[in-house]
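In what follows, a single structure is set out as structure tokens and then discussed.
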Amino acid sequence: MSKKLTLRQQLTLTGIILGVSFIVSAALAAITAGVPPEDRTISPWFIGMIFGVVAGATYLGLTGNRKVGRATDAERDRALSPVTDGQARLLVVREGYVGKLAGVDVAIDGETRTQLRAPRFAAIDLAPGDHQVTATLRGRTSGPVTVTLAAGETAALSLTFRLGNNIEFRREDDLPSLAARLRMIEMVSE
């Protein structure tokens with residue numbers, strides 16, 4: 001299941017493809033104007049079309065992204081410190097290179113709580129108990145992962161996007177090592 005593009009997104013996509021194709025083609029045609037046609041191995045207009053299609057595909061890959069705020073250093077320090085208010089905390093981490101610019105929506109108990117690009121993480125405070133965590137990318141949703149949290153507990157899930165739009169969660173067991181890694185990457189606010 002994939003999302004339909006709005007009319008505005010369709011027009012933007014068309015404009016990107018045509019605009020990039022025209023600009024690249026015109027620039028290449030101007031650069032190669034002195035070269036006889038029989039010496040050209042490929043048409044500048046064809047190369048421009050390829051660039052336009054690539055730019056359009058990049059736009060399509062990023063259309064599902066939404067603006068997510070960046071957490072402050074104080075919020076990061078609080079997220080990586082022990083939970084003391086009777087709540088529990090879930091850290092969701094996205095690392096890796098495949099599809100890193102595409103935003104993955106993270107939902108807990110059916111409610112989308114944040115969106116992660118790579119490398120980023122989010123800290124979500126929850127009531128103790130069982131919670132269903134899912135991730136959605138371009139209309140494809142991962143199978144739910146059940147996380148059971150006790151009061152004062154911090155748990156972590158790593159989110160991986162693989163080729164073929166497969167989204168997987170992996171439970172992180174070594175929290176001190178993870179906390180050291182998380183100090184080096186950006187945290188998003190809910």
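Extension gain, LEU62-GLN9: 0.36 nm per intervening residue step, less the Cα-Cα distance, totals 18.0 nm.
So what's the net charge close to ASP130: Lys and Arg +1, Asp and Glu -1, counting the other residues with Cβ under 13 Å from its Cβ? After counting each charged neighbour, the total is -2. In plain terms, if you count all Cα to Cα distances in the stretch 115-166 and split them into 10 Å steps from zero, the share in each step is 19, 51, 26, 4 percent. Give me the percent of the accessible area of the stretch 132-171 that comes from carbon and sulfur atoms, probe 1.4 Å, all protein chains in place. In the stretch 132-171, the share of accessible area belonging to carbon and sulfur is 49 percent. Once C-alpha pairs closer than 8 Å and six or more residues apart are averaged by separation and normalised to the residue number of the chain, the relative contact order reads 22 percent.
If we count every other residue with Cβ under 15 angstrom of GLY86's Cβ, Lys/Arg +1 and Asp/Glu -1, where does the sum land? Net charge around GLY86: -2. Sorting 170-183, 32-45 by average packing, meaning the other beta carbons within 10 Å per residue, from highest down gives 170-183, 32-45. Per residue, the chain reaches -10000 deg cm²/dmol at 222 nm when only DSSP H runs of four or more residues are counted, each adding -39500 (n - 2.57). Our note on the geometry: Cα centres of the stretch 109-135 and the stretch 1-74, 33 Å apart. By the equivalent-ellipsoid construction on the alpha carbon gyration tensor, the stretch 14-156 comes out with semi-axes of 49, 15, 11 Å, ordered largest to smallest.
The values are calculated or read from the model by the stated rules, or taken from the named source; none is laboratory data. Keep in mind the model is a prediction, meaning the values are calculated, not measured. Every residue, glycine among them, receives a Cβ derived from its backbone with ideal geometry; neighbour counts consider all protein chains shown. These accessible areas exclude ligands, DNA and RNA; they are computed on the full protein's heavy atoms, side chains included. Shrake-Rupley method; radii C 1.70, N 1.55, O 1.52, S 1.80 Å.
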